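Derivation of every value follows stated rules applied to the coordinates shown; laboratory data play no part. Since the structure is predicted, the reported quantities are computational estimates derived from the model, not experimental observations. Cβ sites come from the backbone with ideal geometry, for glycine too, and all protein chains shown count toward neighbours.
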Amino acid sequence: MLDWLIVGGGIHGVHIAARLIGQANVDIEQIRIIDPNQKLLQRWKDCTSTTGMQYLRSPSVHNLDIDPWALLDKAVEEENQGIPLFSPPYDRPSLEFFNKHCDEIIAKYQIDELHIQAKAESCTLESEFVMVEIDNGQQIGAKNVVFAMGAGDQPTWPEWSKIDSEKIHHIFSDNFDALPNLKESVSVIGGGISAGQVALRLAEEGHEVTLVTRHELREHQFDSDPGWLGPMYMDGYSKIADVNKRRKLITKARHKGSMSPDVIESLNQQIARGNISWHIDDVDELIEDNEQLIIKLESGEKIIADRILLATGFEGNRPGGELITQLIQSASLPCAKCGYPIVDQTLCWHPGIYVSGPLAELELGPVSRNISGARRAADRIVSSLIGNMAELY
């Protein structure tokens with residue numbers, strides 16, 4: 001019997017574990033993290049490595065340590081190895097530096113020792129605890145369970161892309177390993193920052209790159225306005241009792257399919273040099289012919305490619321799949337029309353059940369899925385334990 005069981009070993013799960021141990025003084029023997037990957041944060045590291053990300057979109061204060069200034073403090077101790085540790089604006093950390101710091105947090109709180117490599121299959125509520133069954137049939141009981149799953153298992157595949165071909169891949173598919181080694185003509189489909197980063201990476205590696213976006217490049221430093229990080233927007237949002245109105249605000253607030261200014265600047269440079277060909281169009285049809293792919297655009301133009309990489313984001317479905325669906329049905333847990341949990345200020349869905357990430361967004365707002373959302377979720381959960389819920393956003 002555990003005090004805390006966290007389902008999901010990504011950014012959210014690891015940060016919440018660090019806060020429970022380092023701030024709420026929960027005994028590490030009373031915490032476990034269920035995640036199917038070999039290591040914690042593996043999904044995060046795989047996806048960011050694939051895109052070729054060099055600097056995070058998030059500022060340095062959004063990190064996994066308890067102290068938001070820890071990453072800046074750590075930089076003072078680091079020797080510059082030739083690549084700047086931060087990029088303006090907002091001191092955005094390099095991916096390498098951020099990941100190194102994450103590993104140090106995991107080691108500091110011995111979080112890797114809490115990892116149970118498994119998939120949570122079902123969850124049932126008992127009188128005084130929660131029982132989670134994992135995919136080897138083992139059952140784990142805990143007084144509290146935090147569902148900290150992301151939407152990473154729901155990559156969006158456009159209808160035209162669903163053909164039987166080994167030459168088309170989604171960059172966020174599990175175990176993605178489809179970046180070309182030899183020089184190829186590669187078409188990247190998508191209009192968001194991941195598409196831009198992948199296109200830049202491929203161009204720098206010498207491939208013939210075509211970027212197809214459905215719209216002009218949308219420039220936003222962050223994927224929602226910084227006002228959502230504090231009282232500027234959250235005061236009014238928190239006063240809205242209708243969760244369906246909250247959903248509309250979240251949808252409106254998110255800058256979907258946007259890129260940060262530095263990525264757009266780099267793309268424009270590569271496009272001007274002829275290293276990336278850019279088409280603003282929708283794909284009408286995809287045909288595989290003689291080991292090549294023919295992309296027919298709605299404008300009538302055709303693109304010939306050796307390989308297609310989809311950077312089309314994720315579905316908007318509620319994370320957790322059947323695990324969450326069965327729990328909702330068996331325990332009659334409250335949900336909005338969109339299917340997402342209705343929780344209280346502490347992110348408690350039911351006594352003993354907490355949520356983070358996308359599952360908490362009706363309470364935390366549009367930043368819920370981000371690193372800042374992980375910090376905000378941990379603020380709520382930990383503050384409810386130590387009795388200090390004043391002015392939390």
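Report note on the peptides 244-252, 48-56: ranked by the mean count of other C-beta atoms within 10 Å, highest first, their order is 48-56, 244-252. Estimated from the Cβ-Cβ distance and a Förster radius of 45 angstrom, the FRET efficiency linking LYS108 and GLU288 is about 0.35.
Name the shape class, rounded, prolate or oblate, that the alpha-carbon gyration tensor gives for the range 157-291, where a ≥ b ≥ c are the square roots of its eigenvalues, rounded holds for a/c under 1.5, and otherwise prolate holds if a/b is larger than b/c and oblate otherwise.
Taking the square roots of the gyration eigenvalues as a ≥ b ≥ c, the range 157-291 is prolate.
Here the relative contact order of the chain, from alpha carbon pairs under 8 Å that lie six or more residues apart, stands at 21 percent.
Under conditions of 10 °C and 1.306 mPa s, the range 309-383 yields 122 µm² s⁻¹ as its translational diffusion coefficient, taking Rh as the Kirkwood radius over Cα pairs in the Stokes-Einstein equation.
Fewest-first ordering of HIS12, HIS62 by other beta carbons within 10 Å of each residue's beta carbon gives HIS62, HIS12.
If you average the C-alpha positions of the range 1-55 and of the range 330-362 separately, how far apart do those two centres end up, in angstrom? A separation of 20 Å, based on Cα centres.
Tell me whether the range 241-311 comes out rounded, prolate or oblate; compute the Cα gyration tensor, take square roots of the eigenvalues as a ≥ b ≥ c, and use a/c under 1.5 as the rounded threshold. Verdict is oblate for the range 241-311. Cα-based values for the range 40-93, radius of gyration first and Dmax second, are 11.9, 29 Å. Packing, as the average of other Cβ atoms within 10 Å across residues, places the peptides 371-382, 345-356 in the order 371-382, 345-356, highest first.
Stretching GLU128 away from THR156 to a fully extended chain increases their span by 6.2 nm, per 0.36 nm per residue minus the current alpha-carbon distance. Applying 1/(1 + (r/R0)^6) with R0 = 41 Å to the Cβ-Cβ distance of CYS335 and GLU166 gives a FRET efficiency near 0.55.
Summarising the strand pairing of the range 6-133, around 60 percent of its internal DSSP beta bridges are antiparallel. Reported value for the range 129-198: 173 Å³ per residue, from the convex hull of its C-alpha atoms.
Grab the DSSP H runs of the chain that are 4 residues or longer, score each as -39,500 (n - 2.57), total them, divide by all residues and round the 222 nm result to the nearest 500 deg cm²/dmol. Value at 222 nm, helices only: -9000 deg cm²/dmol.
If you take every DSSP beta bridge whose two residues both sit in the chain, what share of them, in percent to the nearest 5, is antiparallel?
Around 45 percent antiparallel, to the nearest 5.
Each Lys or Arg adds one and each Asp or Glu takes one away; over the other residues whose Cβ falls under 13 Å from the Cβ of ASP284, this sums to -3. Relative contact order of the range 118-196: 15 percent, from C-alpha pairs under 8 Å at least 6 residues apart in sequence. Based on the Stokes-Einstein relation at 37 °C and a viscosity of 0.692 mPa s, and on the Kirkwood radius from alpha carbon pairs, the chain is assigned a translational diffusion coefficient of 148 µm²/s. Contact order, relative form, for the range 249-393: 12 percent (alpha carbon pairs under 8 Å, 6 or more residues apart, mean separation divided by residue count). For the chain, the residue among SER299, HIS62, TYR237 whose Cα projects farthest onto the positive side of the dipole built from Cβ charges is TYR237.
Counting only other residues whose beta carbon sits under 11 Å from that of CYS123, what net charge do I get with K and R as +1, D and E as -1?
Within the 11 Å Cβ shell, the charges total -4.
If you take the square roots of the eigenvalues of the alpha-carbon gyration tensor of the range 182-230 and sort them as a ≥ b ≥ c, do you get rounded (a/c under 1.5), prolate (a/b over b/c) or oblate? The shape class here is prolate. Distance between the C-alpha centres of the range 288-307 and the range 65-113: 43 Å, rounded to the whole angstrom. Can you compute log10 of I(q)/I(0) for the range 243-393 with the Debye formula, treating each Cα as one identical point scatterer, at q = 0.18 Å⁻¹? Values, matching the q order: -1.07.
For q = 0.17 Å⁻¹, what log10 I(q)/I(0) does the range 1-112 give under the Debye formula with an equal point scatterer on each alpha carbon and no solvent? The calculated log intensity ratios at q = 0.17 Å⁻¹ are -0.83. One chain, two ends: THR251 and SER238. Fully extended at 0.36 nm per residue, the span grows by 3.1 nm beyond their Cα-Cα distance.
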